[in-house]
There are 2 protein chains.
Amino acid sequence: MPQTPATLDAVQLGSYFALMDVAGLLRHAVEQQLRDDGDLSYVQFQLLARLALDSPTGSERMTDLADGVVYSRSGLTYQVGLLEKVGLVDRAPSVDDERSVTVTVTEAGRERVATVIPGHVEVVRQQLFAVLSQQETRALGELLAPVREHMRSAPPRSATTRRRR
Amino acid sequence: MPQTPATLDAVQLGSYFALMDVAGLLRHAVEQQLRDDGDLSYVQFQLLARLALDSPTGSERMTDLADGVVYSRSGLTYQVGLLEKVGLVDRAPSVDDERSVTVTVTEAGRERVATVIPGHVEVVRQQLFAVLSQQETRALGELLAPVREHMRSAPPRSATTRRRR
DNA sequence: AATAGGTGCTTCGAATTCGAAGCGATAATC
DNA sequence: GATTATCGCTTCGAATTCGAAGCACCTATT
């Protein structure tokens with residue numbers, strides 16, 4: 001295999017670091033806005049948004065939520081517990097499988113998402129899209145979409161290709 | 001201002017989520033490799049790499065380190081403390097300013113970085129660059145570099161543009 | 001239909017994270 | 001040059017995170 005040197009060239013390094021930095025900075029900015037405007041963590045927002053905006057029924061099983069978000073099961077239990085405590089979601093055993101727990105957004109949960117969205121969008125626009133043209137935005141998405149597919153197909157929690165020591 | 005609706009179009013949303021997802025998944029993969037191969041967290045690796053590879057002297061002030069990494073001061077104190085405890089860095093008061101602390105990589109620290117780098121590079125290549133052509137890799141970097149500049153210039157920890165409630 | 005194994009979620013303890021408050025050291029102002 | 005503000009770092013407590021272990025339920029094998 002001649003084409004796999006143990007180095008990243010300068011272009012690759014630059015892209016890699018830029019990606020990680022941008023995501024980190026964006027996440028910080030977004031988290032602060034969510035905290036200020038709606039008293040939500042990024043994860044909580046993701047969960048609520050997924051339930052309120054993506055799910056037709058407003059409900060999902062814990063496992064499906066965990067798979068959507070990049071997140072551990074136990075962490076999910078914790079965050080959903082917090083959301084339930086403040087009345088933004090309900091939790092109930094699934095009808096067809098007693099093990100499963102179905103999480104459902106409450107009306108208050110939907111309202112909270114609606115409250116937070118405008119500021120959220122505004123931050124993302126200012127931080128990320130302010131410096132990207134429409135074409136560049138499209139290009140970015142088209143570059144990253146297949147990468148995401150690729151990464152999701154190779155589960156990150158167990159696959160390091162090989163493990164030494 | 002007619003060009004600032006409180007919405008992100010589908011293309012923007014897709015790019016935004018793809019970016020956050022990819023970065024999150026990549027970070028997971030990388031953290032696992034670092035843990036397995038060198039018993040380092042991602043932050044610790046960033047710190048060591050910056051000292052060992054980017055700094056001519058192998059030293060930096062705590063504040064400069066914190067600014068380079070996206071990280072809180074107290075978190076930095078904690079992690080540098082861990083690194084010092086295992087002998088990968090030294091910590092000493094600065095000569096010119098008694099308040100400052102100068103952190104320096106030790107020889108062991110340099111070796112640790114060297115140990116971890118090949119696997120690290122391999123993970124990044126497999127997760128990220130396996131699905132990107134050379135041109136695409138370049139394009140990604142060129143898209144993100146100005147974004148990073150923009151974000152760094154507007155400090156994320158204090159600027160939410162405006163805060164309600 | 002009994003047993004063995006797999007699934008879905010939670011509990012637990014340890015580690016990591018942050019912001020606020022605190023402490024000396026330095027800089028700025030008068 | 002004394003006082004006041006600022007800076008650089010650490011300590012502290014609270015919150016969040018994870019993986020491992022545990023528990024209840026479901027599925028497959030016989």
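The values are calculated or read from the model by the stated rules, or taken from the named source; none is laboratory data. Quick caveat: nothing in here was measured; it's all calculated off a predicted structure. In this analysis, Cβ positions are derived from the backbone assuming ideal geometry, glycine residues included, and neighbour counts consider all displayed protein chains.
When the stretch B:89-112 is filtered for residues that are within 12 Å of DNA strand D (Cβ to nearest atom), exposed (fewer than 14 other Cβ atoms within 10 Å of the Cβ) and outside any loop (DSSP other than H, G, I, E, B), the ones remaining, listed by number, are B:Ala92, B:Pro93. Condition test on A:Arg61, is it among the basic types (Lys, Arg), more than 14 Å from chain B (Cβ to nearest Cβ) and within 15 Å of DNA strand C (Cβ to nearest atom)? Judged against the criteria, A:Arg61 is a match. If you go through the stretch A:74-92 and keep only what is more than 14 Å from chain B (Cβ to nearest Cβ) and either of a type in the set (Gly, Ala, Ser) or within 10 Å of DNA strand C (Cβ to nearest atom) (or both), you end up with A:Ser74, A:Leu76, A:Thr77, A:Tyr78, A:Gln79, A:Val80, A:Gly81, A:Glu84, A:Gly87, A:Arg91, A:Ala92. Residues being within 14 Å of chain B (Cβ to nearest Cβ), within 11 Å of DNA strand C (Cβ to nearest atom) and among the basic types (Lys, Arg) are represented in the stretch A:32-52 by at least one member. Applying the selection to the stretch A:93-122, what residues are touching a Ser or Thr at 6+ places or on another chain (Cβ under 7 Å) and away from DNA strand C (no atom under 16 Å from the Cβ)? Of everything in the stretch A:93-122, those that are touching a Ser or Thr at 6+ places or on another chain (Cβ under 7 Å) and away from DNA strand C (no atom under 16 Å from the Cβ) turn out to be A:Val121, A:Glu122.
For the condition outside any helix (DSSP H, G or I) and aromatic (Phe, Trp, Tyr), B:Tyr71 qualifies. From the list B:Ala66, B:Ala145, B:Ala114, the one residue that fits, being at pLDDT below 90 and within 14 Å of another protein chain (Cβ to nearest Cβ), is B:Ala66.
Of everything in the stretch A:37-84 that is more than 10 Å from DNA strand D (Cβ to nearest atom) and among the charged types (D, E, K, R), the residue that is nearest to A:Ile117 (Cα to Cα) is A:Asp37.
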